[in-house]
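Asker: Can you keep this structure in mind? I'll have questions shortly.
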């Protein structure tokens, strides 16, 4: 029913494992340990073994097939991953937190629009991220209906021409009064392909969008997530899940709540649980399959015109 990209069947197997709470297959590569005090091991974060003090340092050292294990702590950094078949594994969403104090924008990610991602997978295949929190509240805040092309994007987790599995993350506090925001943004461009399974995550306290999938070569399998808006609010339109610009998605078993714009006076000025903007038509039939909607101004909205 959906566009079948080469890696999707494998991703669905991993999604099933995540949903069932079963362990994923062990990585064949090395495990690189990160601890905020520079000491720890994969079995004991209080050990005196030398470890990386920053996630980016471990990522820059890692080889395909490796796992970057992140001990409990708050990590003040933005992270860019360009290595394929790399797993980022935290110690749990309450324990491992990526919270930059400043989020620098880069106009080369979506030229010439400034984009400030906290965690970026750029051209990486076989990526995996699980068991940590991405918190944008320290670097930016506020809420406003802004011009995305002028202000740019503030994004919690950005997958650009990348494939993989995103599971058991908490993405929160992605808010800005000057930039458009998305907790997670999966995008294909320039002939690249993005194919991602997004399973059992919590998206909350975001400004514009909880998670978005964009581009005609983008396929998202969105399963078992909780996507919770800020509503009712009077400062910003919100969308929980946004599929746009030709992207295809299967959206099942999610809880999508609390998107309500008090200043709205009817379509299109309402907040919405799932917002389809020029999405692949094959996405449409799957929207309500086992999803739970509550307290949204509108549960599902279709639009034919592309948005930023």
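Asker: What strands (runs of 3 or more DSSP E), lying completely within segment 51-150, carry at least 3 residues that are within 28 Å of residue 180 (Cβ to Cβ) and in contact with a strand residue (DSSP E or B) (Cβ under 8 Å, 6 or more places away or on another chain)?
Answerer: Those strands (runs of 3 or more DSSP E) span 79-81, 96-98, 106-110, 113-122, 127-130, 133-135.
Asker: Among 195, 204, which is the only one that is more than 16 Å from residue 272 (Cβ to Cβ) and free of Cβ contacts under 8 Å to residues at least 60 places away in the same chain?
Answerer: The unique qualifying residue is 204.
Asker: Looking only at segment 151-183, which residues are outside any strand (DSSP E or B) and either touching a helix residue (DSSP H, G or I) at 6+ places or on another chain (Cβ under 8 Å) or surrounded by 21 or more Cβ atoms within 10 Å (Cβ to Cβ) (or both)?
Answerer: Scanning segment 151-183 gives 152, 161, 162, 168, 169, 173, 174, 175, 178, 179.
Asker: Further, regarding this structure: Restricting to segment 128-151, name every residue that is within 17 Å of the chain's Cα centre (by Cα) and at positive phi.
Answerer: Correct list: 131 only.
Asker: Suppose we filter segment 263-289 for residues that are at pLDDT 95 or above and part of a loop (DSSP other than H, G, I, E, B); how many remain?
Answerer: Adding up the residues that qualify gives 1.
Asker: Another one. Quick one: in segment 203-237, of everything that is assigned to a loop (DSSP other than H, G, I, E, B) and closer than 17 Å to residue 122 by Cα, which residue is farthest from the chain's Cα centre (by Cα)?
Answerer: By that ranking, first place goes to 217.
Asker: Moving to a separate point now. Among the numbered criteria (1) surrounded by 24 or more Cβ atoms within 10 Å (Cβ to Cβ); (2) in contact with a strand residue (DSSP E or B) (Cβ under 6 Å, 6 or more places away or on another chain); (3) farther than 20 Å from residue 284 by Cβ, which one does residue 200 miss?
Answerer: Single failed check for residue 200: (1).
Asker: Sticking with this structure for a sec: Any residue in segment 60-75 that's on the phi > 0 side of the Ramachandran plot and without any contact (Cβ under 8 Å) to a residue 12 or more places away in the chain: show its pairings with residues that are part of a strand (DSSP E or B) and loosely packed, with under 15 Cβ neighbours inside 10 Å at Cβ separation under 9 Å, as long as the two are six or more apart or on different chains.
Answerer: Close Cβ pairs (under 9 Å, with a partner that is part of a strand (DSSP E or B) and loosely packed, with under 15 Cβ neighbours inside 10 Å) do not exist here.
Asker: Is at least one residue of segment 250-258 part of a strand (DSSP E or B), in contact (Cβ under 8 Å) with a residue 40 or more places away in the chain and surrounded by fewer than 24 Cβ atoms within 10 Å (Cβ to Cβ)?
Answerer: yes
Asker: Hey, among 76, 49, 44, which residue is under 30 Å from residue 151 (Cβ atoms) and surrounded by fewer than 16 Cβ atoms within 10 Å (Cβ to Cβ)?
Answerer: Checking each option against the conditions leaves just 76.
The values are calculated or read from the model by the stated rules, or taken from the named source; none is laboratory data. Quick caveat, the model's predicted, so the values are computed rather than measured. Positions of Cβ are backbone-derived with ideal geometry, glycine not excepted, and every protein chain shown enters the neighbour counts.
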